[in-house]
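Participant: Here's a structure for you.
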Amino acid sequence: MEQKLFQRYLSAKVLPFWAILLLDIFIIAFSTILACLLRYRFSYIMAEPSIVNKAILWTVSVNLLFFRLFRTYSNVLRFSSFVDILRIFVSLTMAYALLLTACLFSGNILNYRLVPISVLFMSYIISFGLMAGTRVLVKTFFETINFDVRHSSNVFIYGAKEAGVNIAKALRVNLSNHYRLRGFIADEPELIDKVMMGVKVYANDDTLLDKLIERDVHTVIISPAKMEELKKRNMADWLLEHNIKLLTASTLNEWNGQVDPTQLKKIQIEDLLQRAPIEIDIRKVASQLEGRRVMITGAAGSIGSEIMRQVASFNPYKLILIDQAETPLHDIRLELQDRWRDIDAETLIADISNASRMEAIFRKFQPQYIFHAAAYKHVPMMEDNVSESIQVNVCGTRILADLAVKYGAEKFVMISTDKAVNPTNVMGCSKRICEIYVQSLAKKLQKEGVKSTQFITTRFGNVLGSNGSVIPRFRDQIQRGGPVTVTHPDIIRYFMTIPEACRLVLEAGSMGKGGEIYIFDMGMPVKIVDLARRMITLSGRSDVKIEFTGLRHGEKLYEELLNVKELTKPTYHEKIMIANVREYDYDEVKEQIQHIIDVSYTYDQMKIVSAMKELVPEFISKNSCFEVLDRH
């Protein structure tokens, strides 16, 4: 009952400046009196009260001047920090140094001592102790009355260096009512068994679980500096298996890695990808994008919007953002207004397969650098809508590529997919046809010796968290209590985060000379069922089941990236290779692609797919009605 009264009436009260100033003045006066009592006999002081009065007058007057100068009274006592104590120390030191100088001057020159030096010295020590102690006492008092042990969680912090210590400080200042620090976990031998911030540092070894149980810890906060170590050690799986909740501090800036330790979030599956950070040549990328007119198609999609964000950081002259999805594009417009007000940006609703509309856009804005991310991408959907796959993916790409040449764009970077390698579905084959057209056009221009648009293709696998991808779907299924649906127990996929995929797109675009198909190192493939199990464990749910539904139309168990040494050439970036693929003659390709586009308007799916297979003979359908064409 008493604690509730304290919390209700005292927690909301803050002492005004003048009250804190009066308190500090009282401390100076009291310290001076106590110093005089220690220096002289009580009877002597009673006989000569002017000694005490004079000492109080000078110490209070001079300290008041420095209190005003350093504003030592301006902080809220319950939130006092080392900075506030340091300000008090500097203020008192300068005040008493001035008093000491004045006393020496008056004693040596005027033969008149303002205040005994010994009194000054003792008063200085006592004042600092009382002023600092008062603030520590008030801070401790409020932390005690506000701390609710029933609703707080005991935590360990993994990482005992700067980032981990910053998180610990943030917990005590802002989140003390939610988390109670019980220890640090460290990999560094020199830190183990030391005491930091009043708690012990424990070794990251086989005894760690015993320490967690002993200290009743059910939450471990991972320092951002330890995320890579967490992935390497499989430590996350081990902790989750023992019902230990994992949190980390959210990253504010993807480029410079600054973190806000007061913002804690649950560790997501994306955080546990076993991938080394990807570095790119920022200067080279910036030199090509700064001050340029940059067009991004599919700008409202997962990849297109992230490319927009990263390009915006390089100060382009103008952004031309194209998408046919009205609401997501409107969201991009609002984001630009909030984050990049100074960038001249056009958000245009347009269908890339509308030749007259795209011609008008190119004529008006004359883009110099084009990122082509617009495409239909969902495999089962395109298996059922073959004509749209050709008309948007293939015809749209051809329109953009031809306009890039006509209006003198410097670079055209096309986003492709690993599904274009030995395609087994309509979507993958449509992207392979796009690659063929763009590459053959680039080779034709090079043979003619004409300085024209450089066409670069980038090919990578699945990106984590993209619209309609497996992870958002699993997350939604878990929140609804399951089941989590996986198509096949053996299906595997390559994954990459959206920001790192887009960084590599920018890097490949800057290094390309024209006609290359760049392949990204996607790391190790991930078994989808393992991904699902991990996500269920991370969610803290134990009642969610996994259900196998069977392969979808056009889906295969594994994707190929052609990232074997025999089929690729290295570049200066270890994560980017150039694919050795069959090259096509532009004039032949142009005629065949026109035929496929013409056939697409018949909406005869078998006829369209048959024409696609003629151009791309390695297109062998899987789990699809189009398998009959391969038998013929």
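Participant: Can you confirm whether residue 553 is in contact (Cβ under 8 Å) with a residue 12 or more places away in the chain, farther than 16 Å from residue 462 by Cβ, assigned to a loop (DSSP other than H, G, I, E, B) and not assigned by TED's automatic domain parsing to the domain that holds residue 413?
Facilitator: Numbers: in contact (Cβ under 8 Å) with a residue 12 or more places away in the chain: yes; farther than 16 Å from residue 462 by Cβ: yes; assigned to a loop (DSSP other than H, G, I, E, B): yes; not assigned by TED's automatic domain parsing to the domain that holds residue 413: yes.
Yes; evaluated as a whole, the condition is true for this residue.
Participant: If only one of 390, 349 is of a type in the set (A, V, I, L, M) and surrounded by fewer than 21 Cβ atoms within 10 Å (Cβ to Cβ), which one is it?
Facilitator: On the way: 390 fails: surrounded by fewer than 21 Cβ atoms within 10 Å (Cβ to Cβ).
Step by step, each of 390, 349 is checked, and only 349 is of a type in the set (A, V, I, L, M) and surrounded by fewer than 21 Cβ atoms within 10 Å (Cβ to Cβ).
Participant: What helices (runs of 4 or more DSSP H) completely inside the range 576-632 contain at least 2 residues that are more than 17 Å from residue 397 (Cα to Cα) and at pLDDT below 90? Spell out the reasoning first.
Facilitator: On the way: elements: 586-600, 605-615, 627-631.
Where helices (runs of 4 or more DSSP H) fall fully within the range 576-632 and carry at least 2 residues being more than 17 Å from residue 397 (Cα to Cα) and at pLDDT below 90, they are 627-631.
Participant: Here is a further query. Starting from residues that are in a loop (DSSP other than H, G, I, E, B), in contact with a strand residue (DSSP E or B) (Cβ under 8 Å, 6 or more places away or on another chain) and of a type in the set (D, E, K, R), keep the ones in the range 464-517 and report whichever is surrounded by the most Cβ atoms within 10 Å (Cβ to Cβ).
Facilitator: Across the range 464-517, the extreme among qualifying residues is 516.
Per-residue answers, yes or no, for (1) among the polar types (S, T, N, Q); (2) touching a helix residue (DSSP H, G or I) at 6+ places or on another chain (Cβ under 6 Å); (3) over 16 Å from residue 322 (Cβ atoms):
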{"position": "352", "(1), (2), (3)": "no, yes, no"}
{"position": "356", "(1), (2), (3)": "yes, no, no"}
{"position": "361", "(1), (2), (3)": "no, no, no"}
{"position": "369", "(1), (2), (3)": "no, no, no"}
{"position": "373", "(1), (2), (3)": "no, yes, no"}
{"position": "377", "(1), (2), (3)": "no, no, yes"}
{"position": "383", "(1), (2), (3)": "no, yes, yes"}
{"position": "386", "(1), (2), (3)": "no, yes, yes"}
{"position": "390", "(1), (2), (3)": "no, yes, yes"}
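Participant: Out of (1) within 12 Å of residue 164 (Cα to Cα); (2) modelled with pLDDT of 80 or more; (3) not basic (Lys, Arg), the odd one out for residue 219 is which?
Facilitator: Of (1) within 12 Å of residue 164 (Cα to Cα); (2) modelled with pLDDT of 80 or more; (3) not basic (Lys, Arg), only one is false for residue 219: (1).
Participant: Answer with yes or no whether residue 69 is surrounded by fewer than 17 Cβ atoms within 10 Å (Cβ to Cβ), in contact with a Ser or Thr (Cβ under 8 Å, 6 or more places away or on another chain) and either modelled with pLDDT of 85 or more or within 18 Å of residue 102 (Cβ to Cβ) (or both). Quick ask: steps written out before the conclusion?
Facilitator: Numbers: surrounded by fewer than 17 Cβ atoms within 10 Å (Cβ to Cβ): yes; in contact with a Ser or Thr (Cβ under 8 Å, 6 or more places away or on another chain): yes; either modelled with pLDDT of 85 or more or within 18 Å of residue 102 (Cβ to Cβ) (or both): yes.
For residue 69, the condition - surrounded by fewer than 17 Cβ atoms within 10 Å (Cβ to Cβ), in contact with a Ser or Thr (Cβ under 8 Å, 6 or more places away or on another chain) and either modelled with pLDDT of 85 or more or within 18 Å of residue 102 (Cβ to Cβ) (or both) - is met.
Participant: Before we move on, is residue 356 free of Cβ contacts under 8 Å to residues at least 12 places away in the same chain and hydroxyl-bearing (Ser, Thr, Tyr)?
Facilitator: On the way: free of Cβ contacts under 8 Å to residues at least 12 places away in the same chain: yes; hydroxyl-bearing (Ser, Thr, Tyr): yes.
Answer is yes for this residue.
Participant: Give the range 413-452 a look and list any residue that's in a loop (DSSP other than H, G, I, E, B) and of a type outside the set (Gly, Ala, Ser), or say none. Steps first, answer last, please.
Facilitator: Let us first name the residues in the range 413-452 that are in a loop (DSSP other than H, G, I, E, B), namely 421-425, 449-452.
Residues satisfying the conditions are 421, 422, 423, 424, 425, 450, 451.
Participant: Is it the case that residue 365 is farther than 30 Å from residue 555 by Cβ and in the same structural domain as residue 292 (by TED's automatic domain parsing)?
Facilitator: On the way: farther than 30 Å from residue 555 by Cβ: yes; in the same structural domain as residue 292 (by TED's automatic domain parsing): yes.
Yes, satisfied.
Participant: Kindly indicate the residue of the range 366-425 that is small (Gly, Ala, Ser) and over 17 Å from residue 454 (Cβ atoms) and also modelled with the lowest pLDDT among those meeting that condition. Break it down into steps so the answer makes sense when it comes.
Facilitator: Going through the range 366-425, the residues small (Gly, Ala, Ser) turn out to be 373-375, 387, 389, 396, 401, 404, 408-409, 416, 420.
Narrowing the set further to residues that are over 17 Å from residue 454 (Cβ atoms) leaves 373-375, 387, 389, 396, 420.
Details: 373: 94, 374: 95, 375: 94, 387: 96, 389: 96, 396: 97, 420: 89.
Per the criteria, the residue is 420.
To keep it simple, each residue is scored yes or no on (1) at pLDDT below 90; (2) surrounded by 13 or more Cβ atoms within 10 Å (Cβ to Cβ); (3) touching a helix residue (DSSP H, G or I) at 6+ places or on another chain (Cβ under 8 Å).
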| site | (1), (2), (3) |
| --- | --- |
| 256 | yes, no, no |
| 265 | yes, no, no |
| 268 | yes, yes, yes |
| 288 | yes, yes, yes |
| 311 | no, yes, yes |
| 321 | no, yes, yes |
| 327 | no, no, no |
| 333 | no, yes, no |
| 336 | no, yes, yes |
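Participant: Spot the failing condition for residue 58; the list is (1) closer than 30 Å to residue 142 by Cβ; (2) at pLDDT below 90; (3) surrounded by 13 or more Cβ atoms within 10 Å (Cβ to Cβ), and only one is missed.
Facilitator: (1)
Participant: Six or more apart or on different chains, Cβ under 8 Å: which pairs go from a residue in the range 498-509 that's farther than 17 Å from residue 284 by Cα to one that's assigned to a helix (DSSP H, G or I) and at pLDDT 85 or above? Could you list them?
Facilitator: That search, which allows pairs on different chains as well, returns 498/302; 498/303; 498/306; 499/306; 499/310; 501/303; 501/306.
Participant: If I filter the range 220-235 for residues that are within 27 Å of the chain's Cα centre (by Cα), in a loop (DSSP other than H, G, I, E, B) and over 25 Å from residue 82 (Cβ atoms), do I get at least one hit? Quick ask: steps written out before the conclusion?
Facilitator: To start, the set of residues in the range 220-235 that are within 27 Å of the chain's Cα centre (by Cα) comprises 220-235.
When the remaining residues are screened for being in a loop (DSSP other than H, G, I, E, B), the result is 223, 234.
Adding the requirement that they be over 25 Å from residue 82 (Cβ atoms) leaves 234.
Within the range 220-235, one or more residues are within 27 Å of the chain's Cα centre (by Cα), in a loop (DSSP other than H, G, I, E, B) and over 25 Å from residue 82 (Cβ atoms).
Participant: If you check residue 164 against the conditions, is it part of a helix (DSSP H, G or I), crowded, with 16+ Cβ neighbours inside 10 Å, modelled with pLDDT of 80 or more and within 40 Å of the chain's Cα centre (by Cα)?
Facilitator: Details: part of a helix (DSSP H, G or I): yes; crowded, with 16+ Cβ neighbours inside 10 Å: yes; modelled with pLDDT of 80 or more: yes; within 40 Å of the chain's Cα centre (by Cα): yes.
It is true that residue 164 is part of a helix (DSSP H, G or I), crowded, with 16+ Cβ neighbours inside 10 Å, modelled with pLDDT of 80 or more and within 40 Å of the chain's Cα centre (by Cα).
Participant: In the range 106-126, what residues are more than 13 Å from residue 58 (Cβ to Cβ) and modelled with pLDDT of 75 or more? Full working, then the answer.
Facilitator: Quick first cut of the range 106-126, residues more than 13 Å from residue 58 (Cβ to Cβ) only: 107-111, 118, 121-122, 125-126.
Result: 118, 121, 122, 125, 126.
Participant: For the range 441-452, check the following and say yes or no: at least one residue is hydroxyl-bearing (Ser, Thr, Tyr), surrounded by 24 or more Cβ atoms within 10 Å (Cβ to Cβ) and in contact with a helix residue (DSSP H, G or I) (Cβ under 6 Å, 6 or more places away or on another chain).
Facilitator: No, there is no match, as no residue in the range 441-452 is hydroxyl-bearing (Ser, Thr, Tyr), surrounded by 24 or more Cβ atoms within 10 Å (Cβ to Cβ) and in contact with a helix residue (DSSP H, G or I) (Cβ under 6 Å, 6 or more places away or on another chain).
The values are calculated or read from the model by the stated rules, or taken from the named source; none is laboratory data. Small disclaimer: the values here were computed from a predicted structure and weren't measured. For neighbour counting, all protein chains shown are included, and Cβ atoms are generated from backbone atoms with ideal geometry for every residue, glycine included.
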